[in-house]
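Notes for the one structure printed next.
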Amino acid sequence: MTVNTPLCFRGKKILAPMVRVGTLPMRLLALDYGADIVYCEELIDIKMLQCKRVINGKIFVCFPFHTEVLETVDFVAPNERVVFRTCERERHRVVFQMGSADAERALAVAKLVESDVAGIDINMGCPKEYSTKASMGAALLSDPDKIESILTTLVKGICKPVTCKIRILPSVEDTVNLVKRIEKTGIAAIAVHGRKKEERPQHPVHCDVIKAISEAVSIPVIANGGSHDFIKEYADIETFQKATAASSVMIARAAMWNPSIFRKEGFCPLKDVMQDYIKYAVRYDNHYTNTKYCLCQMLREQLETTQGKKLHAAQSAQEICEVFEMGDFYEETTAIFEAKKTSLETKTQDEDDQMEDPDVIKMAVRFDKREYPPQITPKMYLLEWCRKEKHPQPVYETVQRPLDRLFCSVVTVAERKYRSTLWEKSKKLAEQAAAIVCLRTLGVPEGKLCEGENHLITKRKREEQERLINRDHGEDLAEPSHKKANFIEETSDMNVPKM
């Protein structure tokens with residue numbers, strides 16, 4: 001497919017993918033200081049496939065703010081944790097790195113995030129067990145067929161440029177041969193960490209191997225691994241690039257310690273860098289544990305100072321701000337977000353009012369399962385009533401409100417519509433509330449404990465007795481499916497449309 005993005009990998013200074021570090025605040029700060037491209041932390045394909053892409057929806061993290069307030073696009077796990085957060089500012093310069101060992105899963109994730117990022121990268125260099133035991137990361141280096149399958153599938157399947165990041169193999173010849181095979185997949189660039197998978201930062205980076213790769217292929221080669229031996233300040237980035245003959249340089253630990261390494265004018269004072277980072281962390285609702293981790297990496301030898309100990313003890317974004325004398329900033333930012341949130345809620349309520357159907361019968365009711373016998377619900381009663389009256393079974397239409405992700409359901413019974421005016425936390429609760437409105441309007445029992453003898457329970461007991469009698473007479477023990485249907489609720493997990 002044709003690449004429809006201006007992203008180029010020649011002559012660039014790049015923030016490397018780093019677990020727990022390469023989140024949105026760090027990526028934006030690196031761009032501020034002069035990075036050309038930023039990679040996010042490695043995110044595992046299986047986890048990403050469980051996520052929903054959320055825009056203009058509520059996310060529960062540090063504050064109950066909304067993506068519309070934050071102006072972000074979030075990929076949210078079922079437990080409401082934000083796995084990947086991005087924004088318009090970085091859309092044309094952020095590369096999404098994933099861990100994957102399966103071509104089809106990798107393609108599914110790439111398609112999920114493609115419209116929100118500038119490129120897709122496959123991690124083929126992580127030596128950590130959590131990655132290699134799942135045949136990802138550096139484990140892929142011993143399976144060139146799988147490498148080829150994953151990269152070829154991505155290149156053919158998406159419109160954004162595809163890259164990969166590898167470590168070097170035991171021999172230069174094997175490394176060069178692998179890279180040549182990778183080049184044939186059509187990827188846009190390859191990042192090379194100049195160490196073997198068993199080597200660590202204290203081992204020298206093999207500039208000669210990166211140079212051999214750079215001279216052997218025509219695609220851009222991005223040199224990585226120079227923080228320990230080469231890159232101490234901005235001018236050293238060019239030195240490392242020349243030593244490796246690479247097209248670009250990717251910086252990890254030197255940027256983690258002080259992201260102003262990308263600033264051609266030289267380092268900013270660490271205090272200023274940390275305060276700039278905190279501003280982004282608060283502005284984009286970064287979880288305080290991640291914020292604290294990144295700040296600890298910047299403090300390094302200062303962790304035992306009074307400030308370092310206070311940071312270590314901080315248990316919220318507000319407490320982190322207070323450690324760095326930014327309490328007023330936190331309060332001001334929170335107040336701005338709350339004002340935006342209130343404005344959006346008012347706007348949403350106005351839109352809800354305008355969308356009201358005058359033909360829908362409404363009541364302000366909720367379903368509280370404590371008021372009903374076990375396994376007996378208003379939906380069951382409504383279904384039973386429709387069958388008794390020979391009406392079509394109830395039809396539920398449920399929508400989710402983007403602002404707060406609450407649900408509302410409208411039930412149609414005998415060509416009339418019913419709904420509760422109260423929004424619920426789940427689709428099931430919203431449907432039960434709609435059923436209650438319908439039953440109360442019709443003057444039909446809804447099954448509450450306070451209504452006395454529950455005819456559905458009585459019916460169940462009677463049929464259970466009949467089943468036992470039939471069993472004693474040697475008849476079929478199976479309960480007729482048409483009887484089961486009277487008491488089994490519809491539990492479809494169909495996708496819920498959003499308003």
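Picking from VAL273, VAL323, THR289, whose Cα lies most toward the positive end of the charge dipole for the stretch 249-400 (charges on Cβ: Lys, Arg +1; Asp, Glu -1)?
THR289
On alpha carbon coordinates alone, what is the Rg over Rh value for the stretch 76-191, Rh being the Kirkwood radius?
Ratio value, two decimals: 0.98.
Provide the gained length on full extension for the span GLU397 to ARG81, in nm with one decimal, where the gain is 0.36 nm per separating residue minus the Cα-Cα distance.
That works out to 111.0 nm of additional length.
So, in nm, how far is label LYS47 from label GLU322 when the simple model puts each one 7 Å beyond its Cα toward the Cβ?
Placing both labels 7 Å along Cα→Cβ, they lie 3.1 nm apart.
With every protein chain kept in place and ligands, DNA and RNA left out, what is the accessible area per residue of the stretch 12-272? Probe 1.4 Å, answer in Å².
38 Å²
Once you place label points 7 Å from the Cα toward the Cβ at HIS92 and LYS111, how far apart are they in nm?
Going from the HIS92 label point to the LYS111 one covers 2.7 nm.
Using 0.36 nm per residue of separation minus the Cα-Cα distance, give me the extension gain between LYS128 and LEU449 in nm, one decimal.
Between LYS128 and LEU449, full extension yields an extra 109.9 nm.
Keeping every protein chain in place, order HIS206, HIS228 by accessible area at 1.4 Å, biggest value first, i.e. largest first.
From most exposed to least exposed: HIS228, HIS206.
Order the peptides 295-306, 424-435 from the highest to the lowest mean number of other Cβ atoms within 10 Å of their residues.
Averaged packing, sorted descending, gives the order 424-435, 295-306.
Would you mind checking LYS341/LYS448; LYS341/LYS425; LYS47/LYS211; LYS52/LYS379; LYS133/LYS309 for any pair whose Cα atoms are more than 27 angstrom apart?
Listed pairs above 27 Å: LYS341/LYS448; LYS47/LYS211; LYS52/LYS379; LYS133/LYS309.
Starting from the stretch 307-343, pick out the GluC sites (Glu not before Pro) whose DSSP state is loop and whose Cβ has at most 16 other Cβ atoms within 10 Å.
For GluC sites (Glu not before Pro) across the stretch 307-343 that sit outside H, G, I, E and B with at most 16 neighbouring Cβ atoms in 10 Å, the list reads GLU325.
Based on the Cα coordinates of the stretch 12-272, what is the per residue volume of their convex hull in Å³?
Spelled out: Cα convex hull of the stretch 12-272, divided by residues, is 122 Å³.
Computed over the Cα atoms, what is the radius of gyration of the stretch 360-442 divided by 2.2 N^0.38 Å, N being its residue count?
Compactness ratio reported: 1.03.
Taking a point 7 angstrom from the Cα of LYS390 along the C-beta vector, which residues in the stretch 404-439 have backbone N less than 17 Å away?
Only 414-415 fall inside the zone, counting backbone N under 17 Å.
Could you check the simple spin-label distance between GLU332 and GLU233, using points 7 Å along Cα→Cβ, in nm with one decimal?
Taking the two extended label points, one gets 3.3 nm.
The values are calculated or read from the model by the stated rules, or taken from the named source; none is laboratory data. No experiment lies behind these values; they were computed from the predicted model shown. Using ideal geometry, Cβ is built from the backbone for each residue, glycine included, and neighbour counts are taken over all protein chains shown. Protein only, heavy atoms only, side chains kept; ligands, DNA and RNA dropped before computing areas. Shrake-Rupley method; radii C 1.70, N 1.55, O 1.52, S 1.80 Å.
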